[in-house]
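> I have a structure I would like to understand better, so I am pasting it below and will then ask my questions one at a time.
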Amino acid sequence: MASPRGARRAKAKNRSFATLLAGGLLIGAGLGWFGPDVAQRLGRREPVAQTARDVLSAQFGFCHTGGGTNCVVDGDTFWFHGEKVRVMDIDAPETHDPRCAEEAALGARATQRLQLLMNAGPFSLESGDRDTDRYGRALRVVTRGGASIGETLVAEGLAREWDGARHPWC
C-alpha cells in the first residue's frame, strides 16, 4: 500500500505532466497557425478595401484656366462634376509656378498620367479624415478596383506619398 506522501507525489507528477502536455499542444498549435512565415504574412500589404463599386466615370481633359468640369489641373488635382478634388494621399510636382525646370517637366508628366488614369475606367472617391483642405478642395483617395490611383503615381515616380507637408522638388 502506498503512503499518503507517495500518493501526493504521483498526483503532482501527473499534474506537471498534464500542464507540460497542454503547454506543448498550445505552442504546437500556435506554430501551426502562425508558422515560420508569420512576419511575411503579417507585413503583406493588401490594397485599399473597396467600400463601393467603382461607378464614377467621366471623360477628363486638361484644365487650362480657372475651374472646369471633368478636367485635370495637375498631378494631384482635378475637377469632377463641378467640384475641385485634391488626391489626398499624394503630393505631385507643381505645374503652376514651378520652382525649377525639373519640377515643371515632372509635373507635366504627372498631369498627363493622372488624366490617363482617370480616363481608364470607372473609379471611386473615398473620404479620409478631413473633407476639405484649406483651399476648399474636396480631399479624396481615388481608387479603382480597391487600389489607390495615387499610389500608382507614387510607384511610377511621378508623385510622393503625402506626409502632411510640401517638400521641394528642385
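The values are calculated or read from the model by the stated rules, or taken from the named source; none is laboratory data. It should be emphasised that the depicted structure is a prediction, and the values quoted were computed from it without experimental measurement. Using ideal geometry, Cβ is built from the backbone for each residue, glycine included, and neighbour counts are taken over all protein chains shown.
> Would you check if residue 144 is assigned by TED's automatic domain parsing to the domain that holds residue 92 and surrounded by fewer than 11 Cβ atoms within 10 Å (Cβ to Cβ)?
The answer is no for residue 144.
> Within region 129-141, count every residue that is surrounded by fewer than 11 Cβ atoms within 10 Å (Cβ to Cβ) and among the small types (Gly, Ala, Ser).
1
> Could you count how many residues in region 77-128 are touching a residue at least 24 places away in the same chain (Cβ under 8 Å) and part of a helix (DSSP H, G or I)?
Of the residues in region 77-128, 12 are touching a residue at least 24 places away in the same chain (Cβ under 8 Å) and part of a helix (DSSP H, G or I).
> Also: Name the residues in region 103-139 that are closer than 13 Å to residue 157 by Cα and either of a type outside the set (A, V, I, L, M, F, W, C) or at pLDDT below 95 (or both), would you?
103, 107, 109, 111, 113
> Can you spot a residue in region 102-124 that is aromatic (Phe, Trp, Tyr), within 16 Å of residue 58 (Cβ to Cβ) and either out of contact with any Leu (no Cβ under 8 Å at 6 or more places or on another chain) or in the same structural domain as residue 76 (by TED's automatic domain parsing) (or both)?
Yes: region 102-124 contains one or more residues that are aromatic (Phe, Trp, Tyr), within 16 Å of residue 58 (Cβ to Cβ) and either out of contact with any Leu (no Cβ under 8 Å at 6 or more places or on another chain) or in the same structural domain as residue 76 (by TED's automatic domain parsing) (or both).
> To continue, here is another question. Can you tell me which residue is nearest to the chain's Cα centre (by Cα) among those in region 132-159 that are outside any loop (DSSP other than H, G, I, E, B) and under 13 Å from residue 83 (Cα atoms)?
Result: 140.
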